[in-house]
Structures are given as structure tokens and as C-alpha cells.
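The values are calculated or read from the model by the stated rules, or taken from the named source; none is laboratory data. Bear in mind that the values here come from a model prediction, so they are computed numbers and not experimental data. Note that each Cβ is placed from the backbone with ideal geometry, even for glycine, and that neighbours are counted across all protein chains shown. With ligands, DNA and RNA removed, areas are computed over all heavy atoms of the protein, side chains included. Shrake-Rupley method; radii C 1.70, N 1.55, O 1.52, S 1.80 Å.
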Amino acid sequence: MSQHSPISFPTRIKRAALWLDAWLNSFLFQSKRGLGSAYESYSEKMKCLRFRGPIRVILDLTSEATTLGTAGAVVMLALALPAFRETEDDWLKTQDLAVTFLDRYGQEVGRRGLHLDDSYKLEDFPDHMIKAALATEDRRFYEHWGIDPIGTFRALVVNAQGGGVMQGGSSITQQLAKNLFLTNERSLERKIKEAFLAIWLEYHLTKDEILKLYLDRAYMGGGTHGVVAAADYYFGKPAKDLTLAESAMLAGLFKAPTKYAPHVNLPAARARANQVLVNMVDSGFATEGQIQTARRNPATPVNRTRETTPDFYLDWAYDQVKRLAADKKFGTERVLTVKTPLDTALQRHSEQALEDILRQHGRQYRAGQGALVVMDVDGAVRTIVGGRDYGQSQFNRATGGLRQPGSSFKPFVYAAALTTNPKLKPSSIVVDRPVCLGNWCPQNYGRSFSGSMPLVSALARSINSIPVIMSLEIGKGNAKAGRAIIVDTAKRMGLTHPLTDSSSLPIGAAEVTVIDMAASYAVFANGGKRADPYAAWEVRNSAGDIIYRHDRDTPPKQVLETRVVNDMNFMLNKVTTEGTGKRAALEGIPVAGKTGTTNGYKDAWFVGYTGNLVAGVWFGNDDSKPMNNMTGGTLPAQTWHDIMAAAHQNLEIRPIPGVDSNAYARVASAGKLAADQAQGPNQAFLAGTLSRKSYEVLGNIGSLFKAAERPLSASSSTAQPGTTGSVDTSGADRARQDRPRQVAMP
């Protein structure tokens, strides 16, 4: 038997490689031959599809057109997508607000945002107003599909012949697209977007809807948007009462509202209006005879001399309304009428009081500025004075100025201490002694320490060491932890700006605003509920429907216990009767509050309240220069007194929780009796001395007399004797209750 030697591993590798090489060669050869045969077969079959002559030309052109069309469609889609993204939001509603503000008695006091009114229907506009707009802006509006090539070409020719812009090249739909979605940027990208959006609008809206939106949203100069607002602003009348001359002048504003605004350049506005009249004749919308009267009697705008308005208040109120809108409180509504708690008489009195006291004493104290806020105990703001002169400086020191509150911050410390230690009482004994946190050791105003005293005396005398010691006790020996609880208390009560933590925070080193301080003190006045400042009692849309009411949509929130509130009010009342705030005391009316003075006399405060109202007053300088020894118990307390004395005229005085009101009633009665005896019998009863309830009764009697004078035929629509009509339970009802009535006395 023969024996074979085993095959080595390298030999096996070589044989495998040779086999693989042979297989690849065979595969490639067969594939090449197969592809060649397939191509020959394909070529033979395609010979029957070859064309020559005109048919080939047609097919080639069709093929090229398909290729270019597909490429063009892709490009058009790429250009259209950015335009269509502009329509993703609620595009029918402008994102800017048009707000008309009313005071607490329903009288208009000013406007902010867009001056716009879209409550008119298209058929309510005068026919000549619509024709004037179409003749000048888009004569073929009802014929084109959003873009008007014929109109654009005609406008180019007319403008070239006239040497200027005589007619617009964009259709009304294109202009509306720009107004709704785009900016006034002059660029090719914007024009491309405008064209696509115009087509999109034509697809989604009717022609009348597009025209209505255009007449409502076009900027007309003077801060107005739309024909309705412009008619009121320039001519002081409703749009339905516009004459032909006035309509022509307004139609001339669409293209260049700033250039042709009649209150800016009346001759230019009249020349432009005359061109509009010519356009109406040329387009067949009017005859030469019809426009002669308008030419002989051109439109004349009303005098727009600036009236005095509560601008500081309105600026802040508009910011409040914008926040509510951002929180979707109004849905998609943007044209709003807001009824505010503003008391215009008190606003004027407050402005004058601040100016008078600074004019009289400002130089002596080297004080150049002041600010104040008056509000109801629920946060309804009646008055804001943000500085001496809005015309010179629009900065609102009452709502935007961050200043150190000094000792007026101490009530937050005391409230935190009472909350964390239920055993602590106003009568609890505390010790005024030296205390240091690190290298910082607070000093009292008199640079001395008074030893043991009741807690109420420590607050009334504004002792500085006690709040610092309290911060240690609140934090159980950890001052930083104690200050964190104090900061939390202050924030829950209404301080909205971040409070910088420092050793001196308990005595008022952090920065606050006047309005936040007043709102925080309102928590004491109303029994412990948070009182965020607000300006919107009631909001209506352009149709007159109520879409927001503060008392309905903002439920109150308890932030302090009743026990803490009563103890704080008892102590803060002593500040005005026995302590540093005596100048703020009102005869016969319980008052509580706290003075505040910062290091170097840079800031002086008095923040106080009654059972009816809360007010905060600040004095200082914009550049933070020190004043001349002004403390919170001087000008701030005196100004607070002067304003609040006027504010409480004819109000039913409400008690402060935790303060004995009977003592004040006895003082008031004794003071009134002495005054009556001094004045004599003929001077005892003067207008303005009746209570608010008395005024209401007299007003109801007057209403009955008026009802009795109505014809019997109208009896079915009048109230029955003994009634006063429907009851309004909203916050606006309080405005009518608080409003003083002038009564003629015998």
C-alpha cells in the first residue's frame, strides 16, 4: 500500500486562491457577454422609437420643458416655504395691542399700543371711502388673483410719465400680506414672500374679507391703524360720517402716511387728496362734477394739541395688559377697552402735592425727585406718580426704580418672626443691644442702645439691632437661614424683584420698588391676602363683550395668618401714633405704616395704609446723591398725609384688622363737634361732609325723579319705583360707590 504525504497549509491557501481567481474570471466574462447581448437587443427594440423631423423637435422641447418645469417647481417650493411659515401663528389677529383706557368712572383717559378699531363691518364704510382706496391702490382688485401683472405694468408706465410714484405697483392683497406677516424691509426676499402670501390670502379669504382687513390694518400715520381710527384721530368723527374730501385725504395716506399726514404737512396732504380724486375719475368711480365740491372744500383735520394725561399710570397699565395678553387672558383679541381703577381727581391731586412739596422744601433737603402709588387694599391701583415731570423724563420711578427701603423693610422681618414663633407677641420683651455679624455691627439712628423694651416699641422707634437679632432667632442661630425665611415672606407678600442676601438685609439693604412696597403692605390692610397691583378691572373686546374681569379671573390667596396680621397692624399703628410716622396720622381715621431712611440719606420712605387704601411715598435723587438729613418721618410722611386725607373724602372708613377703631371714632366725633362750634350754625353743613352712603341715597332719589319724568309710553322699559336698575357686582361697581357727588346745600 502506497502512502501519501499530507498537504501543507500554505499549499491549501494557494489552491483556494487559484480557484477564486478562476471563478471571478469566468463570472466577469459571462457577465460582459450577457450585458452585450442585452444592449444589442435593447438597441434593436429602440430603433422603432426614433423620430425625425418636426416630431423630434416637439418631443425634445417637451422633454426640456418637463425638466425645467420640475426644477422650477422645486425652486418655487423652496421660495414659498419661508413665506408659508409666516402663516403658522394666528395670522388674522395682530400681535400688537390697541388699548383704550377708561378711568374708574368710565371716562376715556388715554390710549396705548396701536390706535386701531376693527369693529366696523365693510358695509359700514362710506362708498366713496372704498372707491377712493380702490382707485388709488388697486383698481382691478376684484378681478385679479392676488398679483395684478396688468396693474403693475400700468403703474410703472404712469409713474414713469409722472416722474414719481403716482400709483402703487403692489395689489391690495400684497400690501395686506406685508402688513400682516412681513416688515417694510426693501429686499427681493421680502417681495417674493409677499407674492406667495398674497396668493395664499386669496385662497383662504374672500375679496371682501381681504379689503376689510386692509382698511382695518393699514398704517395711517399719527400712531393710527385703519380707516376707523384715522377718521377719529384726524377728523374727530366716525368713519361712516366721512365726506368725500376726507375720504380722499385718508386714501392718500396708504402709501406714505408719514409724508402725507395732515397734522404734519396739510398742504401735501391736500395735494395728495386731489390726486386721489383724479384717480377716482380716471377709474370711473366718480365723475368730474362729483369731485368739484370736494376740491372747493378740502378736508381740514382737528387740532391735535397734546392734552394732559396720566402717562406714568398708562405706561404701567399698558405693560400690565400686555402681560395678561401674553398669558392668553384675552384669547386672540387685540383691540381692547380696559376699565381701570384710576382716580383721575386723586391722580391730579397727587401729582400736584408731590410737586408742591418738592418746590417748597426740595432745595432745603436737597431732594430732586419723588414717586408715589395709591391703591385699594386688594391691589387696584388708583394713582401712580412716577416723577415730577413726565415730559422731561419718562422713567417711572414708582414702578421701575429700584431703591433701598431702609427701615420700611422691617415689617417683613417682624412678620416672619411672628409666623415662625407663635409665642412672640407685640408685648414680648426684646433687648436692644450690640450685635455683630462678622465685621458688620448695625447702629441705631441715635448711635445708642436702649436695652429692654416691648416688641411694639422696637418697631415704633425703628430700632436697628432688633431685626438683625430676629434674623438669627428665625434661623435658629443661622443668620443666613433666617434671612432666607425673611426673603420668602417678603416675596409671598408681594416683593417681585430679587432680594440680594446680605447681613444688612433685615434693615432694608435690598432694593425694591414703590409699587411693590405698597402692594406688600396691602397684605396687612386686607387681612393677609396677597394683593398684586393691577390696572385692569374689566376688559372688553372691540364688540363690547367682557372678556376679562379681575374679580372673576384672579382669586385671592392667603399669605399671612390672621394672628400675624392683627399683631403687625397693632404695632404698625403705633408707628403713626407714638413712633417715627406721626406726621402721617389722619384725624379720625386709623392709620398704620412705617418710615424708612437709608444710609447717607439717599432714600426716604413712608409706606402706610388705612382700612380703605394703601400708599407708598419715596423721595430721593436720580443720581443717588445724599439728601440733607431727610428721614421717612418728614416729607414722605407729610406727603402721604396730604394725599390720603384727600383720598378719603366721602369714603366709609373701614377698620384695620387688629386696630381699635372705636378710639378713632371718638376722636373724629370730638374734632367734628369742635369744628362745627367754631364755624357756627351756618357753616356746620358743607358740601363734601356727607358719607359715601349718603351720597348714594341722594343719587338714588335723583334717579327716581328722573324716572318719574319719563313718558308713560316708556314705562315698560324703565325700572319700577323703588329700584335702581341692575346690580353690577364687578370691581367697576366700587368705582361708582367711591365716586364723590356734588350736592347743592341750602
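Just one of (1) at pLDDT 95 or above; (2) in contact with a Leu (Cβ under 8 Å, 6 or more places away or on another chain) fails for Lys322. It is (1). When the stretch 272-296 is limited to residues that are part of a loop (DSSP other than H, G, I, E, B) and among the hydrophobic types (A, V, I, L, M, F, W, C), the one that is most open to solvent (accessible area, probe 1.4 Å) turns out to be Phe285. Evaluated against (1) in a loop (DSSP other than H, G, I, E, B); (2) open to solvent by 50 Å² or more (accessible area, probe 1.4 Å); (3) in contact (Cβ under 8 Å) with a residue 12 or more places away in the chain; (4) more than 19 Å from Thr576 (Cα to Cα), Ser427 falls short on exactly one condition, (4).
Would you mind telling me which numbered condition in (1) in contact with a Pro (Cβ under 8 Å, 6 or more places away or on another chain); (2) touching a residue at least 60 places away in the same chain (Cβ under 8 Å); (3) open to solvent by 10 Å² or more (accessible area, probe 1.4 Å) Tyr414 fails? With respect to (1) in contact with a Pro (Cβ under 8 Å, 6 or more places away or on another chain); (2) touching a residue at least 60 places away in the same chain (Cβ under 8 Å); (3) open to solvent by 10 Å² or more (accessible area, probe 1.4 Å), Tyr414 is out only on (3).
A quick yes/no check of all residues on (1) closer than 30 Å to Gly370 by Cβ; (2) β-branched (Val, Ile, Thr); (3) modelled with pLDDT under 90:
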| site | (1), (2), (3) |
| --- | --- |
| His263 | no, no, yes |
| Ala268 | no, no, no |
| Arg272 | no, no, no |
| Met280 | no, no, no |
| Thr287 | no, yes, yes |
| Pro301 | no, no, no |
| Glu307 | yes, no, yes |
| Ala317 | yes, no, no |
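Considering only residues that are of a type in the set (Asp, Glu) and touching a helix residue (DSSP H, G or I) at 6+ places or on another chain (Cβ under 8 Å), look in the stretch 528-583 and name the one that is nearest to Thr639 (Cα to Cα). Only one residue fits best here, namely Glu578. Thr258 meets each of the listed conditions (1) touching a residue at least 60 places away in the same chain (Cβ under 8 Å); (2) in a helix (DSSP H, G or I); (3) within 33 Å of the chain's Cα centre (by Cα) apart from (1). Quick check on the stretch 376-385. Is at least one of its residues buried (at least 16 other Cβ atoms within 10 Å of the Cβ), farther than 18 Å from Ala536 by Cβ and free of Cβ contacts under 8 Å to residues at least 60 places away in the same chain? No, the stretch 376-385 contains no residue that is buried (at least 16 other Cβ atoms within 10 Å of the Cβ), farther than 18 Å from Ala536 by Cβ and free of Cβ contacts under 8 Å to residues at least 60 places away in the same chain. With respect to Val413, is the statement that it is out of contact with any Cys (no Cβ under 8 Å at 6 or more places or on another chain), over 30 Å from Thr309 (Cα atoms) and either at pLDDT 95 or above or not in a helix (DSSP H, G or I) (or both) true? Taking the combined requirement at face value, the residue satisfies it. Does at least one position in the stretch 343-361 carry a residue that is under 21 Å from Lys602 (Cβ atoms) and part of a strand (DSSP E or B)? The answer is no, given that none of the residues of the stretch 343-361 is under 21 Å from Lys602 (Cβ atoms) and part of a strand (DSSP E or B). Here Ala371 passes the criteria (1) open to solvent by less than 50 Å² (accessible area, probe 1.4 Å); (2) free of Cβ contacts under 8 Å to residues at least 40 places away in the same chain except the one numbered (2). When Ala286 is tested against (1) under 34 Å from the mean Cα position of the chain (by Cα); (2) farther than 23 Å from Val99 by Cβ; (3) of a type in the set (A, V, I, L, M, F, W, C), exactly one condition is not met: (1). Please specify each residue of the stretch 223-253 satisfying the condition of being touching a Pro at 6+ places or on another chain (Cβ under 8 Å) and outside any helix (DSSP H, G or I). Matches in the stretch 223-253: Leu242 only.
Those helices (runs of 4 or more DSSP H) of the stretch 493-577 in which at least 3 residues are open to solvent by 30 Å² or more (accessible area, probe 1.4 Å) and either out of contact with any Pro (no Cβ under 7 Å at 6 or more places or on another chain) or in contact (Cβ under 8 Å) with a residue 40 or more places away in the chain (or both), considering only elements entirely within it, cover 550-553, 562-577. In the stretch 371-406, the residue that is farthest from Leu314 (Cα to Cα) out of those that are of a type in the set (Ser, Thr, Tyr) and at pLDDT 95 or above is Thr399.
Among the numbered conditions (1) open to solvent by 60 Å² or more (accessible area, probe 1.4 Å); (2) touching a residue at least 40 places away in the same chain (Cβ under 8 Å), the only one that Arg104 does not meet is (1). Restrict the check to the stretch 440-448 and report whether at least one residue is at pLDDT 95 or above and under 25 Å from Asn573 (Cα atoms). No, the conditions are met nowhere in the stretch 440-448. Residues in the stretch 327-344 that are closer than 26 Å to Asn526 by Cβ and touching a residue at least 12 places away in the same chain (Cβ under 8 Å): Lys329, Val338, Lys339, Thr340, Pro341, Leu342, Asp343, Thr344.
Find the residue count for the stretch 587-638, including only residues that are open to solvent by 10 Å² or more (accessible area, probe 1.4 Å), of a type in the set (Lys, Arg) and touching a strand residue (DSSP E or B) at 6+ places or on another chain (Cβ under 8 Å). So the answer is 1. When Val264 is tested against (1) part of a helix (DSSP H, G or I); (2) open to solvent by 80 Å² or more (accessible area, probe 1.4 Å), only condition (1) is not met.
As a summary of the residue check, Ala584 satisfies the conditions (1) out of contact with any strand residue (DSSP E or B) (no Cβ under 6 Å at 6 or more places or on another chain); (2) buried (at least 24 other Cβ atoms within 10 Å of the Cβ) except for the one numbered (1).
Taking (1) modelled with pLDDT under 95; (2) open to solvent by less than 60 Å² (accessible area, probe 1.4 Å) in turn, Lys476 satisfies each apart from (2).
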